[in-house]
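The values are calculated or read from the model by the stated rules, or taken from the named source; none is laboratory data. None of the values given here were measured: they were computed from a predicted structure. Here the Cβ positions follow ideal geometry from the backbone for every residue, glycine too, while neighbour counts run over all protein chains shown. For accessibility, only protein heavy atoms count, side chains too; no ligands or nucleic acids. Shrake-Rupley method; radii C 1.70, N 1.55, O 1.52, S 1.80 Å.
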Amino acid sequence: TDETYLKRHPTWHSEDAAWKADQIMKVLSRNRHCQTRTICEVGCGAGQVLVELQKRLPAQTSFVGYDISPDAFRLCSPKSNESLQFKLEDLACAKVEPFDLLLVLDVVEHVTDYFGFLRGLRDKARCVLFQIPLELTVHSLLREVLMLNRRVFGHLHHFNKDTALATLRDCGYHLLDWSFTPAVVDMARPGLKSTVSSALRRTGFRIAPEKSVLVLGGYALMALTEDSASTCQDLPQGVVI
């Protein structure tokens, strides 16, 4: 809220939005029971993910994005239209009818009290789709990347697959589907070093997905959940894509 993030990331990562929208559509295509008439994103930033989803979903779908940053709101509010609105407000404190789908994309790692944050969102939607970067890897520990991500991106917490899923369960979310998404691999910066790193990660992922993610990193977790009161059963394992 003090313009620090805007100065470091003036686009607020809008260039990643089309990729994120594609990952979301893959999850929705596997889970057609999850309705999408009303979609909300918390921590929507520049709002570009919702813009991209509006291009991909039926015209009658309504979208709303929430963010607490005035800087983000100034970026996203001009993108509003009849079916897409943005609010400078804390969704956890807002009185709203439950949305069909709530998006929480690359947000949890930024929130000081992420347990309270997650519990505060549970009654806001019927289904919640998370993306959480998996930064707790052998590679990141050996290269001391975690503190860099803290300084540059404001990541206060770091997860691997097991701790991320356990956190969601501990906060009362019922897991419907999860998958690895090649976040860093697909969006690597140009250059020989990044090209080689991405090639190694892709090769390792094809051979042993979970071990490769834990050792080499480069992937995020995308998890579709609903309230734990549901009678559905947890999936025994994730879908590797």
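Being in contact with a helix residue (DSSP H, G or I) (Cβ under 9 Å, 6 or more places away or on another chain) and assigned to a helix (DSSP H, G or I) is the filter; apply it to region 164-193 and report the residue that is farthest from residue 24 (Cα to Cα). Filtering region 164-193 for residues that are in contact with a helix residue (DSSP H, G or I) (Cβ under 9 Å, 6 or more places away or on another chain) and assigned to a helix (DSSP H, G or I), the one farthest from residue 24 (Cα to Cα) comes out as 170.
Restricted to region 152-205, and to residues there that are among the hydroxyl-bearing types (Ser, Thr, Tyr) and open to solvent by less than 50 Å² (accessible area, probe 1.4 Å), the residue that is farthest from residue 218 (Cα to Cα) is 173.
Among the numbered conditions (1) of a type outside the set (S, T, N, Q); (2) open to solvent by 30 Å² or more (accessible area, probe 1.4 Å); (3) in contact with a strand residue (DSSP E or B) (Cβ under 7 Å, 6 or more places away or on another chain); (4) at pLDDT below 85, the only one that residue 229 does not meet is (3).
For region 114-151, taking the residues that are among the small types (Gly, Ala, Ser) and within 21 Å of residue 179 (Cβ to Cβ), the one that is surrounded by the fewest Cβ atoms within 10 Å (Cβ to Cβ) is identified as 140. As a summary of the residue check, residue 22 satisfies the conditions (1) closer than 21 Å to residue 225 by Cα; (2) open to solvent by less than 10 Å² (accessible area, probe 1.4 Å); (3) without any contact (Cβ under 8 Å) to a residue 40 or more places away in the chain; (4) not aliphatic (A, V, I, L, M) except for the one numbered (2). Here region 1-29 is the region considered, the condition is being among the polar types (S, T, N, Q) and under 14 Å from the mean Cα position of the chain (by Cα), and the residue that is nearest to residue 75 (Cα to Cα) is 14. Using the structure shown, decide if residue 106 is open to solvent by 20 Å² or more (accessible area, probe 1.4 Å) and at positive phi. Answer is yes for this residue. Restricting attention to region 43-56, the residues that are surrounded by fewer than 24 Cβ atoms within 10 Å (Cβ to Cβ) and within 14 Å of residue 89 (Cβ to Cβ) total 1.
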